[in-house]
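The values are calculated or read from the model by the stated rules, or taken from the named source; none is laboratory data. Not measured: the values here are computed from a predicted model. Cβ sites come from the backbone with ideal geometry, for glycine too, and all protein chains shown count toward neighbours. Surface areas here come from the heavy atoms of the whole protein model, side chains and all, with no ligands, DNA or RNA. Shrake-Rupley method; radii C 1.70, N 1.55, O 1.52, S 1.80 Å.
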Amino acid sequence: MTIDPRSSELETLPILPLRNSVVFPASVVPINVGRSRSVRLVEDLLGQDRPVVGIVSQRDSEIDEPGFGELFEVGTVARVVKVIRLGPSNYSVVLHGLSRLKMIQPSGLEPYMRAKVKRIHEDIERDAELDALGAGLREAMREVLTLMPSLPRETSGILDNVRESGALADLVASNLTLDQASVGDKQKILETFDAKARVRAVAQMVQRQLELLRVRKEVSTMVADEGKNQRESILRQQMRTIKEELGEGGEDDEIEELRERLRAAQLPEEASKIAKKQLVRLAGMQQQSAEFNVTRTYLEWLSDLPWSKTTPDKLDVEDCRRCLDEDHFGLEKVKKRIVEYIAVRKLRADKKGPILCFIGPPGVGKTSLGRSIARSMGRRYHRIALGGVRDEAEVRGHRRTYVGALPGRIIQGLKKVGTKNPVLVLDEIDKLGVDVMGDPSAALLEVLDPAQNGTFQDHYIDTPFDLSQVTFLATANNPDTIPEPLWDRLEVIEVPGYTRMEKRNIAREFLCPKQLSAHGLTDERLEWNDESIDVVIDSYTREAGVRGLEREIGAVCRHVTMRIAEGEDVQHLKATPELIEKVLGAPKYIPDLAERQSMPGVATGLAWTPSGGDVLFIEATKMSGKGSVLVTGNLKSVMQESASTAVSFVRSRSAQLGLDPEFLKTIDLHVHVPKGGTPKDGPSAGITMFTAVASLLLNAAVKKDVAMTGEITLRGTVLPVGGIKEKLLAAHRAGIKEVLVPARNERDLEDLPKDVRDQLKIHLVKRVDEVLKLVLEPPTPGAATDDEPSSSVPPPPP
């Protein structure tokens, strides 16, 4: 292509923008004009003799009124042959392309586009190579015409009349439909000034169209006498064959999308082999088949799992301590262990660590500790509720052969968080069940073993997935229900109940502001002080945690909100004991000591429950009989044996206690533990039962403010028991002043908060002989004794 010397000077032409089409030189095309600028241009040309305009295509067809930046630089100089008015502001214009043009400088947008352009004329010199290229293009187009009988017959004659190869390429390109060549493809042809390069480009388009027509003709002969189902199958094969011939692959868009997602997921080698095999199978299936949906869902799961996605760890010890202090009050020993855990993770490169298990009563913040750890480490957090799970497939997933099969909760959680190193909290791990469907706790053994979870294999995914970078945390209330093999894999951190002072501080710093904000109140409308918080703690809650406390504070806030909503002007209202009793009703709990009466045969014990410690009363009475011993109170076997041991020990020490050795011949003993609706078990009530029976027989009352715990033997030894911290916290809540604990539990007292230790007088006892002199009041007059008591057990003061 050369520039005609005659066109070396620029000329100003009106510019008519086109969308969705390209006008070539020597072509005659009709176009519809309806845009305001274009209409003004056409109306301005009316009456002119053989007007000439510049035709330039838009880069984006969605723009209604384009500027010069939205137009291509190369277009066509065209003569307006005919203008037909179709309606108001709507014209049909017939254009005849003359030559190519190149826009050099815009001249204006209004009333219509004008620009300075340079005409580019065709070089009419011919050579052998160009003639050969033109002949090849002409033959290819003739074959296309034979495969497309719908085209007009005169088209073949037009091909013969055009002798210049460049003009022939323009003619062929202008007649290609948008399905065969896009606007961008045609514009590239228009911008190709070299005739040889242009003929080659058009020939490639025609050849591609010719191959498509050949394949279509071949496959069309295969469906002549086939049935409906066979016809659909062949047509799908036809589509795949066409795409293969075009070099676009044989899978449809959905399979290609899956392929790209799997490639982006960066699967390990074994998983990648499985995915490729399933993709090949999917490509050969019919979409209506059930197996197609099963395989597609499986591949989607593989592509969505975070095989290589991680979040950077933020292992700052000070930041971790700050996060824990912001979210939790107290729990210093627990926080210290978590900070140590973070420090070890910071120094160890393999990122493997122990599986922490928080054990404690409800409402003390076990689950929220996991959220704080995730926040301090900069990791994503996910909680898996295991309470009531009885199916092993909930952990390992179902095999894909089952209808509706899904991966287990571990894999589902990883998909949800989108990384392979989140913090996963296994909530209520002690409440897993066992059923005919399997034991989910056994399935967790592999998950929670750092030496094995690097190759965890879910039944649904059916390929190893690395869980070694996941930080697993577990929570539980009752350690007794956790299977031994699972317990062995856990590092237990006890989260004890809160003291009265800790509850007060938690309520003042966290719960009251939270509930005031949740109910649309401020401190100016409702004021909580320590006295009002203590009333709620003592009279309306009886728990180790603070859930019930938060619930009762919320009830008072709701009452005030209701009064404000009813139009009452509430300002500077204080949560007084009177207001609290008006809202919450009469006190639900009376202090345990207020229920007690100082009488022989009643002793106060301490018990451990999954909800924290509790105060336990042991009652003993006697009546005429023949020496039988009755034990009631919904006691299980171990506690019944403790009662029998206590009575036997009293009988064996009758002489030292000043009792008739035959005292049981004429009476029956009845030992009862109130709250019979609650099952009770364990050996720790041994010294309490001994004290109750001895108090009854000696007719000496037990001090009201003394409680005790410890297992006894027939030889009089006091053995250590568990749950000392929880039991002493319960004694402190109940107002107990003195506590007897086994001497061998002295090390457990270190975990007791200092304020509790300061307010309790703790006696460490080794032998049962030491108990009575610490707990008995002076005997009631009329106590029957046959012998003087020995010095080994001091008698009650006279």
**OP:** Being closer than 21 Å to residue 370 by Cβ and either at pLDDT below 85 or open to solvent by less than 10 Å² (accessible area, probe 1.4 Å) (or both) is the filter here, so list the residues in segment 398-423 that pass it.
**Re:** 408, 410, 411, 413, 414, 419, 421, 422, 423
Original post:
Taking segment 719-762 as the search range and keeping residues that are modelled with pLDDT of 85 or more, open to solvent by 60 Å² or more (accessible area, probe 1.4 Å) and not in a strand (DSSP E or B), which one is farthest from residue 540 (Cα to Cα)?
Top reply: 744
Original post:
Out of curiosity, is residue 619 open to solvent by 30 Å² or more (accessible area, probe 1.4 Å), in contact (Cβ under 8 Å) with a residue 12 or more places away in the chain, of a type outside the set (Phe, Trp, Tyr) and assigned to a strand (DSSP E or B)?
Top reply: yes
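Pick from 666, 691: which is among the hydroxyl-bearing types (Ser, Thr, Tyr) and either surrounded by fewer than 24 Cβ atoms within 10 Å (Cβ to Cβ) or under 50 Å from the mean Cα position of the chain (by Cα) (or both)? I'd like the intermediate steps shown before the answer.
Working: 691 fails: either surrounded by fewer than 24 Cβ atoms within 10 Å (Cβ to Cβ) or under 50 Å from the mean Cα position of the chain (by Cα) (or both).
The conditions single out 666.
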**OP:** Take segment 641-658 and flag every residue that is within 58 Å of the chain's Cα centre (by Cα), in contact (Cβ under 8 Å) with a residue 40 or more places away in the chain and over 11 Å from residue 768 (Cβ atoms).
**Re:** 641, 642, 643, 647
**OP:** Would you check which residues across segment 763-778 are surrounded by fewer than 14 Cβ atoms within 10 Å (Cβ to Cβ) and in a helix (DSSP H, G or I) and list them?
**Re:** 773
Original post:
Do any residues in segment 536-565 that are in contact (Cβ under 8 Å) with a residue 60 or more places away in the chain and in a helix (DSSP H, G or I) have Cβ atoms under 7 Å from those of residues that are surrounded by fewer than 22 Cβ atoms within 10 Å (Cβ to Cβ) and of a type in the set (Gly, Ala, Ser), where the two are at least six apart or on different chains, and which pairs are they?
Top reply: 547/363
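This table checks each residue for (1) farther than 30 Å from residue 444 by Cβ; (2) open to solvent by less than 50 Å² (accessible area, probe 1.4 Å); (3) of a type outside the set (D, E, K, R); (4) touching a helix residue (DSSP H, G or I) at 6+ places or on another chain (Cβ under 8 Å).
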{"site": "489", "(1), (2), (3), (4)": "no, no, no, yes"}
{"site": "496", "(1), (2), (3), (4)": "no, yes, yes, yes"}
{"site": "499", "(1), (2), (3), (4)": "yes, yes, yes, yes"}
{"site": "548", "(1), (2), (3), (4)": "yes, yes, yes, yes"}
{"site": "554", "(1), (2), (3), (4)": "yes, yes, yes, yes"}
{"site": "573", "(1), (2), (3), (4)": "yes, yes, yes, yes"}
{"site": "578", "(1), (2), (3), (4)": "yes, no, no, no"}
{"site": "583", "(1), (2), (3), (4)": "yes, yes, yes, yes"}
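Which of the residues that make up segment 287-328 are outside any helix (DSSP H, G or I) and under 23 Å from residue 469 (Cβ atoms)?
Step one: list which residues in segment 287-328 are outside any helix (DSSP H, G or I), which gives 287-289, 305-316, 328.
Selection gives 305, 306, 307, 308, 309, 310, 311, 312, 313, 314, 315, 316.
Being open to solvent by less than 70 Å² (accessible area, probe 1.4 Å) and touching a Ser or Thr at 6+ places or on another chain (Cβ under 7 Å) narrows it down to one of 511, 526, 516, so name that one. Write out each step before concluding.
Details: 511 fails: touching a Ser or Thr at 6+ places or on another chain (Cβ under 7 Å); 526 fails: touching a Ser or Thr at 6+ places or on another chain (Cβ under 7 Å).
Residue meeting the stated conditions: 516.
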Subject >> Residue tally, condition on the phi > 0 side of the Ramachandran plot and open to solvent by less than 20 Å² (accessible area, probe 1.4 Å), over segment 366-391 >> reply: 0
Original post:
Do you know which of the residues in segment 424-468 that are over 22 Å from the mean Cα position of the chain (by Cα) and in a strand (DSSP E or B) is surrounded by the most Cβ atoms within 10 Å (Cβ to Cβ)?
Top reply: 438
**OP:** Select from segment 473-485 the residues that are out of contact with any strand residue (DSSP E or B) (no Cβ under 9 Å at 6 or more places or on another chain) and either under 12 Å from residue 444 (Cβ atoms) or open to solvent by less than 30 Å² (accessible area, probe 1.4 Å) (or both) and list them in ascending order.
**Re:** 483, 485
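Those residues that are of a type in the set (Gly, Ala, Ser) and under 18 Å from residue 51 (Cβ atoms), I need them from segment 81-107; list them, please. Give the steps one after another, and end with the answer.
Going through segment 81-107, the residues of a type in the set (Gly, Ala, Ser) turn out to be 87, 89, 92, 97, 99, 107.
Listed by number, the residues that qualify are 92, 97, 99, 107.
Given the criteria open to solvent by 10 Å² or more (accessible area, probe 1.4 Å), within 19 Å of residue 312 (Cβ to Cβ) and at pLDDT 85 or above, does residue 348 qualify?
Values: open to solvent by 10 Å² or more (accessible area, probe 1.4 Å): yes; within 19 Å of residue 312 (Cβ to Cβ): yes; at pLDDT 85 or above: no.
For residue 348, the condition - open to solvent by 10 Å² or more (accessible area, probe 1.4 Å), within 19 Å of residue 312 (Cβ to Cβ) and at pLDDT 85 or above - is not met.
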**OP:** List every residue pair whose Cβ atoms lie under 6 Å apart, where the two residues are 6 or more positions apart in sequence or sit on different chains, the first residue falls within segment 328-339 and is farther than 17 Å from residue 490 by Cα, and the second residue, located anywhere, is crowded, with 18+ Cβ neighbours inside 10 Å and modelled with pLDDT of 80 or more.
**Re:** 328/365; 329/506; 330/502; 335/324; 339/320
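Could you count how many residues in segment 364-392 are of a type in the set (Val, Ile, Thr) and not in a loop (DSSP other than H, G, I, E, B)?
We begin by selecting, within segment 364-392, every residue of a type in the set (Val, Ile, Thr); these are 364, 367, 373, 384, 389.
Restricting the remaining residues to those that are not in a loop (DSSP other than H, G, I, E, B) gives 367, 373, 384.
Total satisfying the criteria: 3.
Looking only at segment 320-333, count every residue that is open to solvent by less than 80 Å² (accessible area, probe 1.4 Å) and farther than 14 Å from residue 371 by Cβ and tell me the total. Give the steps one after another, and end with the answer.
Taking segment 320-333 first, the residues open to solvent by less than 80 Å² (accessible area, probe 1.4 Å) are 320, 323-325, 327-331.
So of that shortlist, the ones also farther than 14 Å from residue 371 by Cβ come out as 325, 329-331.
Count: 4.
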**OP:** Check whether at least one residue in segment 302-319 is open to solvent by less than 60 Å² (accessible area, probe 1.4 Å), free of Cβ contacts under 8 Å to residues at least 40 places away in the same chain and within 20 Å of residue 493 (Cα to Cα), and report yes or no.
**Re:** yes
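Filter segment 556-571 down to the residues that are surrounded by fewer than 21 Cβ atoms within 10 Å (Cβ to Cβ) and not hydroxyl-bearing (Ser, Thr, Tyr) and list them by number.
As a first pass, look at segment 556-571 and keep what is surrounded by fewer than 21 Cβ atoms within 10 Å (Cβ to Cβ): 558-559, 561-571.
Listed by number, the residues that qualify are 558, 559, 562, 563, 564, 565, 566, 567, 568, 569, 570, 571.
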